[in-house]
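First the structure, in the form of structure tokens, and then the observations on it.
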Amino acid sequence: MATVQVSEAEKVYILHGVRDDLRVDGRGCEDYRHMDIETDVVSNTDGSAKVSLGYSDVLVGVKAEVGKPRPALPDQGYLEFFVDCSANATPEFEGRGGEELGLELSNTLYKVFSNKQSVDLHSLCISPGEHCWVLYVDVLLLQCDGNLFDAISIAIKAALFNTRIPKVHLSEDEEGGKEIELSDDPYDCVRLNVENVPCIVTLCKIGHRHVVDATLQEKACSVASLLIATTHRGTVTCVRKFGGGSLDPESIFEMIETGKRVGKALHTPLMELLKEEESLGKKRQKVGFLG
Amino acid sequence: MPVDHRRIRGPDESFSPRLFLPSGSAKCAAAEDRRSGDGARGNMDVRAIFARCGLVSQAKGSAYIEAGNTKVICSVYGPRETERRDETEMKRGKLLADVRLAPFSCRKRGQWIQGTEEKDLSQFLLESLRPGVLLQKYPRSQIEVCVMVLENDGAFLAHAVTCASLALADAGIEMYDVVMGCAARRSGDAVLLDPTFAEEHDEHPSPSGKESRLTLALMPAMNQVSGLQAEGEMDAESLVEAARACMEGCYKLYPVVQQTLLKSVRKKAPPPES
Amino acid sequence: MAPSLRTLYVRPNSQSDKSSIPSQQPIGKHSSLLENMSPMKLCVPGERLCGVEDCIPGTGTYLRHGHIFASLAGYVLRKNEGEELPVISVVKETEAQLLPDVGAIVTCKVTSINPRFAKVHILYVGSTPLKDRFRGTIRREDVRATEKDKVETYKSFRPGDIVLAKVISLGDVQSNYLLTTAENELGVVVAHSEAGVQMVPISWCEMQCPRTHAKEFRKVARVQPEYLQA
């Protein structure tokens, strides 16, 4: 993980700030940094989004491909997650350096989405037992400045909102063989319902309090953090403790409560923003990567 | 996935015939209560465990745990010299954890090569154990914890945590506290503590449709949670409830773990003359 | 400690053999069931032993919030060592996990030499054998206390020699443990001549082969009599 070295004096400074609900960059304990979201940034994908949170930059591309359903769940499609830690972000990621972090992130994403609610997997089925849509969600880390989980989850939600899966028709010939026909019209496509896609809130325990959206400096002061994924209704889909320290049970319950509250509040403005951006249509001026 | 091409292998993909059973015919434990399944075990009861230390003669410390049909073995090696020296911190020891599921441990055959799932399990084990170990006592060295799951009948990760901390204590690695693991499954409103495999993978949706799994690692004497992982659908209240149930489960198993450790201490040597 | 086949077979076959959970046991933070099991008190990691005002924490314990806790599973020992308070420690059957520490006397085997330093494997710390091998380095200037600039490593050690040394530093990221033999009591204790016979020390810097009577240079240790046995 990209880390920074923090001296004891700096740690004390950050710690005291957090105690008084005033963080180094002027935020309160439950505030996010400035966030920029842009969808439809890569033309070769079926859906894409770029999110920058402080100086963390995440790019997500979704590609839909036709595959075979899993034998255990023949009437459902599935999602595949892959997180690539690019050496652009930090030279530590060069070669196999980023592998561990990438695996940690993608494994967590599988957990966050391992429920029936987040994405309607039945809608991804083309013909039960034979064909289904497989959504490859590829995450690219362009810059690391802490709180990758939250940025990734928001980017995934935006990219899935942006995803357009081509419509297919299943036709049967005389011998009973099935054929998949792709619609000729490129605008004839299916959208996913992303209402229930959860957002991740990572809480870092600093001193006796916990903060949302920790920067790298703040992360260096914390020994344990708790990740909470919530939907817009406040349903928790994943909880996980990270870091080498341990947590008091009571503080865990408090953190879950905070995480749920913050996560719930995150969804409404996000959806509004995505809809607003979409309503701008083609005329929208694209910011791209150098914005 | 690297494949061994020199051997004649079966088809690229093979499936267990049990997958194609109609979903109703597979015997499922009742989700709402356990009357039909595990004898007289109540929803909030953990399975009786059998635990022993010091089974692997070559290891510095080892332990074996059996809970129902879940069987886990763990060996601890070290402290030994660190192999890779890229860590900036040399003042503290390094803890390494490795969880492996034997290919025959689950219903579906696994691979010998460690997959991403096992790496994830290893990470959970590592993060659960690390707060409990006095790593500053072992500068420049590494301690290796190897867990092999022989049979998976549910909640194996929780038992792997307990087993690993028993093995660490058996190896004489200094620890702040033993680390206990406990798992729970929530289906609708019912919490099943220490679920069996059938209970974990019960396909029947409960009326409310919400189900979740939770694994928790607790240091009982310090009352600190060192590991927590939950997935599924749950509301915050039920999550807290399940976590509390798991902590209670850990406290229930704590005396057994204490006894096991004391037994192994007494078996190894008579009390020294003071 | 290897369990024989027989003991493996007398494993639980009845449910009753599995340690059942004493449900009536008060499940508190510190279970009291350990007291009345053995005249010698036993403990497990995390158990509170006493307050810091009653004892001085010794090996196998740690301090937290003014209390002494056990960090090992073993026997609790209280020893009065002339201080006001007894020292409380936890001991296991074997010596506690010993790692080479600064100031420790170690026994090592020379694996390679070059003009600047000798590389060794640390085999023993004090009288405790190490299960795993740790590597160490004796630099040229740490071979002896006097005339450091005139030291020649190949006139002090040869690969295969058994050397007594003292740890001076744990080293940094690049280096191994740094050792010194700059004391009369430290240096080569066992060495073999080119003929393959164990040599006899004849001075602090020479050893002689009993078969060929050839003399070879070594930094010889004057082993303290109490360490000589059999």
Which whole-Hz couplings ³J(HN,Hα) result when phi for each residue of region C:154-165 is put into the Karplus expression 6.51 cos²θ - 1.76 cosθ + 1.60, θ = phi - 60°, listed in order with x for Gly and Pro? 6, 9, 10, 9, 9, x, x, 5, 9, 10, 8, 8
Work out from phi, with θ = phi - 60° and the Karplus expression 6.51 cos²θ - 1.76 cosθ + 1.60, the ³J(HN,Hα) of each residue of region A:132-143, listed in order in whole Hz, and give x for Gly and Pro. 8, 7, 10, 9, 8, 9, 9, 10, 10, 8, 9, 8
Least to most buried among C:TRP204, A:TRP133, B:TRP112 (fewest other Cβ within 10 Å first): B:TRP112, C:TRP204, A:TRP133
Folded to 0 to 90 degrees: helix A:148-162 orientation relative to chain A principal axis, Cα: 30 degrees
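At R0 = 41 Å, how high is the FRET efficiency between B:ALA269 and B:ALA102 if r is their beta carbon distance? Nearest 0.05 is fine.
The calculated FRET efficiency here is 0.80.
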Net charge within 10 Å of B:LYS210 by Cβ-Cβ distance, Lys/Arg positive one each and Asp/Glu negative one each, not counting B:LYS210 itself? -2
Which of the listed residues, B:ASN152, C:GLY66, B:GLY232, is farthest toward the dipole's positive end in the protein assembly as shown, when Lys, Arg count +1 and Asp, Glu count -1 at the beta-carbon? C:GLY66
Counting sequence-distant residues (5 or more places) and residues on other chains, those with an amide H built under 5 Å from that of A:ASP57 are A:LEU142, A:GLN143, A:CYS144, A:ASP145
When the charge dipole of region A:8-290 is computed with +1 on Lys and Arg Cβ and -1 on Asp and Glu Cβ about the Cα centre, the Cα farthest towards its positive end, among A:LEU274, A:SER43, A:SER123, belongs to A:LEU274
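Give A:LYS111/A:LYS205; C:LYS41/C:LYS92; A:LYS157/A:LYS219; A:LYS178/B:LYS108; A:LYS205/B:LYS252 a once-over and call out the pairs whose C-alpha atoms are over 19 Å from each other. Spell out each step's value before the answer.
Working: A:LYS111/A:LYS205 22 Å; C:LYS41/C:LYS92 12 Å; A:LYS157/A:LYS219 25 Å; A:LYS178/B:LYS108 31 Å; A:LYS205/B:LYS252 28 Å.
In this structure, A:LYS111/A:LYS205; A:LYS157/A:LYS219; A:LYS178/B:LYS108; A:LYS205/B:LYS252 exceed 19 Å between Cα atoms.
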Point-to-point label distance, A:VAL4-B:GLU248, nm (Cα→Cβ direction, 7 Å offset): 4.5 nm
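So which GluC sites (Glu not before Pro) in region A:143-223 pass both tests, a DSSP loop state and at most 10 other Cβ atoms within 10 Å of the Cβ?
Values: sites: A:GLU172, A:GLU174, A:GLU175, A:GLU179, A:GLU181, A:GLU195, A:GLU218; in loops: A:GLU174, A:GLU175, A:GLU195.
Here the sparse-neighbourhood loop sites are A:GLU174, A:GLU175.
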How would you rank B:LYS267, A:LYS157, going from fewest to most other Cβ atoms within 10 Å of each one's own Cβ? B:LYS267, A:LYS157
If you find the alpha carbon centre of region C:151-230 and of region A:166-193, how far apart are they in angstrom? 84 Å
With +1 on each Lys and Arg Cβ and -1 on each Asp and Glu Cβ, how big is the dipole of region C:78-230 about its Cα centre, in debye rounded to the nearest 20? 600 debye
In debye to the nearest 20, the charge dipole size for chain A, taken about the Cα centre with +1 at each Lys and Arg Cβ and -1 at each Asp and Glu Cβ, equals 860 debye
Any idea which of B:TYR176, B:VAL56, C:LEU130 is furthest toward the positive side of the dipole for the protein assembly as shown, if Lys and Arg beta-carbons carry +1 and Asp and Glu beta-carbons -1? C:LEU130
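Label region A:8-290 by shape, choosing from rounded, prolate and oblate, from the square roots a ≥ b ≥ c of the eigenvalues of the Cα gyration tensor; if a/c is under 1.5 it is rounded, and otherwise prolate applies when a/b is larger than b/c, oblate when it is not. Don't skip to the answer; put the middle values down first.
Numbers: a/c = 2.14, a/b = 1.86, b/c = 1.15.
Since a/c reaches 1.5 and a/b is larger than b/c, the shape of region A:8-290 is classed as prolate.
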Assigning unit charges at the beta carbon (Lys, Arg +1; Asp, Glu -1) and nothing else, what dipole magnitude in debye, to the nearest 20, does the protein assembly as shown show about its Cα centre? 3260 debye
Take A:GLU172, project a point 7 Å from its Cα along the Cβ direction, then tell me which residues of region A:116-137 have their backbone nitrogen under 20 Å from it. A:125-132
Rounded to whole Å, give me the distance from the Cα center of region B:129-201 to that of region C:98-132. 35 Å
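Averaged across the residues of B:124-137, what count of C-beta atoms belonging to other chains lies within 10 Å of each residue's C-beta? Mind showing how you got there, number by number?
Details: counts 4, 0, 1, 8, 2, 1, 5, 8, 4, 3, 4, 1, 1, 5.
The shielding value for this peptide is 3.
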Amide H neighbours of B:LEU228 under 5 Å, at least 5 residues apart or on other chains, H built in the peptide plane: list them. A:LYS241, B:ALA217
Taking amide H positions as placed in the peptide plane 1.01 Å from N, state which residues far from C:ALA104 in sequence (5 or more) or on other chains have amide H under 5 Å from it. C:VAL167
Can you compute 3J(HN,Hα) from phi for each residue in region C:114-124, using the Karplus curve 6.51 cos²θ - 1.76 cosθ + 1.60 with θ = phi - 60°, rounded to whole Hz and x for Gly and Pro? 9, x, 9, 7, 10, 9, 9, 9, 7, 9, 10
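If we count other beta carbons within 10 Å of each Cβ, what is the order of C:PHE217, A:PHE161, fewest first? Let's see the in-between values first.
Numbers: C:PHE217 16, A:PHE161 23.
Fewest to most other Cβ atoms nearby, the residues stand as C:PHE217, A:PHE161.
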Calculate the FRET efficiency for C:ARG78 and B:GLN58 from the Cβ-Cβ distance with a Förster distance of 35 Å, rounded to the nearest 0.05. 0.50
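The numbers here are math on the coordinates, done by the rules we state, and not lab data. Keep in mind the model is a prediction, meaning the values are calculated, not measured. With ideal geometry, Cβ positions are generated from the backbone for all residues, glycine too; neighbour counts draw on all protein chains shown.
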